[in-house]
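The values are calculated or read from the model by the stated rules, or taken from the named source; none is laboratory data. Computed from a predicted structure; not experimentally measured. With ligands, DNA and RNA removed, areas are computed over all heavy atoms of the protein, side chains included. Shrake-Rupley method; radii C 1.70, N 1.55, O 1.52, S 1.80 Å.
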Amino acid sequence: MNRIWRHPLYQEAFTALQEAERERVFCRHTLEHFLDVARLMLIESLETGNVLSRELIYGAALLHDIGRAEERTKGTPHDLAGARLAEKILPDCGYSAAETARIREAILCHRTEGAESTDSLAESLRRADKASRNCFACPAAADCYWPDEKKNGEIRR
């Protein structure tokens, strides 16, 4: 996990993301968001008994939205940009080819319910990403582009 955080390519992408979203009034993609997602995934894993390794959880959570700066600057969907970054970063951080492929798939599928994956890591990432948003307390909720049925109207989990 810390290897990912310290990886030069991750730091470059993370810094670009923070700069790109500096003026954003809606949900920002900060380290807090990434860690909230990881912790929600870990809680779900423990509560359901569908135990996923912390390395898989934190790898997916730290990388799932890291491609958003490229999305803003080049128009590349952030899940594709993030999966591409994961392929470069994870092997350098000690992840096996199988772990890298699983995290990559989770990143590619985290935006859409039922998106071509039945993998528990991908589904957990999708649920935690959505649950991490506190729409009910957001000062910009009235202007948010998310439809009301997608917004979190109360504390979840």
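Side notes on the structure shown:
- Portion, in percent, of the accessible area of the chain that falls on carbon or sulfur, probe 1.4 Å: 50 percent
- Using the 1.4 Å probe convention, the accessible area of the chain works out to 54 Å² per residue with neighbouring protein chains retained.
- Solvent-accessible area of Trp146 with every protein chain in place, 1.4 Å probe, in Å² to the nearest 10: 50 Å²
- Segment 66-111 - percent relative contact order, Cα under 8 Å, separation 6 or more: 34 percent
- Relative contact order [Cα under 8 Å, 6+ residues apart], the chain, whole percent: 22 percent
- Over the chain, dividing the summed -39,500 (n - 2.57) contributions of all DSSP H runs of at least 4 residues by the number of residues returns a 222 nm mean residue ellipticity of -18000 deg cm²/dmol.
- With N as its number of residues, segment 1-64 has a Cα radius of gyration that, divided by 2.2 N^0.38 Å, comes to 1.23.
- For a straight C-alpha distance cut-off of 23 angstrom, the lysines reachable from Lys88 (same-chain residues fewer than eight places away being disregarded) are Lys74.
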